[in-house]
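Enquirer: Let me give you the structure first, and then I'll get to my questions.
Each reported figure results from applying straightforward, stated rules to the coordinates on display, with no laboratory input. None of the values given here were measured: they were computed from a predicted structure. As a convention, Cβ positions derive from the backbone with ideal geometry for all residues, glycine included, and neighbour counts pool all protein chains shown.
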Amino acid sequence: MSKILIKAQQQPVYNLNGTGTTSMAYVLRPVRYTTMNADDIVNYCVANSVVPKAYLSAAMIAFAQCIENFLLNGHSVEFPNLGIFSLTSSGISEADINKVGVEQVHKLNVRFLPCSQLKAEVEAVTLEFDGIYDIAGEVVVGDRGDGTPKSYKYYKKVRRGQMGVSGPSTEPGPSTGSVPSTSSGAFRSGLVETDSEDEA
């Protein structure tokens, strides 16, 4: 049975409780440890099969090029036991038939539709509460290409009862499994870098 850790991460939330303003709150998110690249996948397959690494590496490159080629030429691509990749478009609608054209398309998007087997496996995953993380700081790492700074927030793990977005609290927080270190009073110190989705 697979297990996913869930963290409560502090961040600005718009229209919390219908206030119409932005305020700080805790948002529950899965803990992601790292991003597995092509080499990691090939090495794992080598360790769990009898296929030579050179063959697997070549197949991985050919497979990626094949998916890209089909997608960019208007095909949907089914990835065995995972789901279907396809392209969608986003833009504006037009009531006048004489004005309809590609000018209404703002951009193309890649969509992934998971298969029923993968959906069922995700629903069966066991969730365990990892802890609570408050914003500890922010660092600028460059710009977004349009002159605006690109930055990442850093987080520290805190105990229940410490000052957070709602002040001190001794009430138990959300948990869908056991609460390892936070409920006993111990906590891991240090800073945790956010994922790309947490960019400011």
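Enquirer: To make sure I understand, if each residue's beta carbon is the centre and we count other beta carbons within 10 Å, what order do Lys153, Lys3 fall in, fewest to most?
Expert: Lys3, Lys153
Enquirer: On to the next question. Along segment 104-112, what does the Karplus equation 6.51 cos²θ - 1.76 cosθ + 1.60 (θ = phi - 60°) give for ³J(HN,Hα), rounded to whole Hz, x for Gly and Pro?
Expert: For segment 104-112, the Karplus curve yields 6, 7, 7, 6, 9, 10, 8, 10, 10 Hz.
Enquirer: Let me ask something additional. Using a Förster radius of 30 Å, what is the FRET efficiency between Cys66 and Ile92 based on their Cβ-Cβ separation? Nearest 0.05, please.
Expert: Given R0 = 30 Å and the Cβ-Cβ separation, E is 0.35.
Enquirer: Next up: Could you list, in their original order, any pairs among Lys119/Lys153; Lys53/Lys119; Lys3/Lys119 whose Cα atoms are separated by more than 22 Å?
Expert: Cα-Cα > 22 Å for Lys119/Lys153; Lys53/Lys119; rest within.
Enquirer: Mean projection of the alpha-carbon convex hull of segment 38-120 over all orientations, in nm²?
Expert: The Cα convex hull of segment 38-120, projected and averaged over all directions, gives 8.0 nm².
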